[in-house]
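The values are calculated or read from the model by the stated rules, or taken from the named source; none is laboratory data. Quick caveat: nothing in here was measured; it's all calculated off a predicted structure. Neighbour counts run over all protein chains shown; Cβ positions are idealised from the backbone, glycine included. Keep in mind that these areas ignore ligands, DNA and RNA; they rest on the heavy atoms of the full protein, side chains included. Shrake-Rupley method; radii C 1.70, N 1.55, O 1.52, S 1.80 Å.
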Amino acid sequence: MVFDKLIAILGRVKPNVDIANISMDSRLVADLGIDSLSMMLLAISVEDEFGIEFGDDTNFSTVKEICEFVAGKSGLAV
């Protein structure tokens, strides 16, 4: 559930990325080309979608890390 919604959000934030190729192991910077602006947009979109907040010290490098964080905060399945 979280993964599917996250994929949709990534498709909006980075429309040039083929979402069919995104997996749990996809690296945000190296594989998806997420830069600091895209990361900010991603964080805002995820917070709005799931009704959670990221802390100032939150740092993710893979899709899986985001999914696990969101699942832990929201109680939804990854």
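Applying the condition of being under 15 Å from Glu65 (Cα atoms) and part of a loop (DSSP other than H, G, I, E, B) to segment 9-25 and asking which residue is least open to solvent (accessible area, probe 1.4 Å) yields Ile22. Can you name the condition, by its number, that Leu6 falls short on among (1) of a type outside the set (Phe, Trp, Tyr); (2) open to solvent by 70 Å² or more (accessible area, probe 1.4 Å); (3) modelled with pLDDT of 95 or more; (4) assigned to a helix (DSSP H, G or I)? Of everything listed in (1) of a type outside the set (Phe, Trp, Tyr); (2) open to solvent by 70 Å² or more (accessible area, probe 1.4 Å); (3) modelled with pLDDT of 95 or more; (4) assigned to a helix (DSSP H, G or I), Leu6 misses just condition (2).
Could you tell me whether any residue of segment 62-73 is without any contact (Cβ under 8 Å) to a residue 40 or more places away in the chain and either among the hydroxyl-bearing types (Ser, Thr, Tyr) or open to solvent by less than 40 Å² (accessible area, probe 1.4 Å) (or both)? Yes: one or more hits.
Which ones in segment 26-40 are open to solvent by 20 Å² or more (accessible area, probe 1.4 Å) and not acidic (Asp, Glu)? Before the answer, list the steps.
Within segment 26-40, the first condition is being open to solvent by 20 Å² or more (accessible area, probe 1.4 Å), and the residues that meet it are 27, 29-31, 33, 35-37, 39-40.
Selection gives Arg27, Val29, Ala30, Gly33, Ser36, Leu37, Met39, Met40.
In segment 31-50, the residues that are more than 17 Å from Thr62 (Cα to Cα) and touching a residue at least 12 places away in the same chain (Cβ under 8 Å) form Cβ pairs under 6 Å with partners that are open to solvent by less than 80 Å² (accessible area, probe 1.4 Å) and among the hydrophobic types (A, V, I, L, M, F, W, C), at six or more places apart or across chains, as follows: Phe50/Val70.
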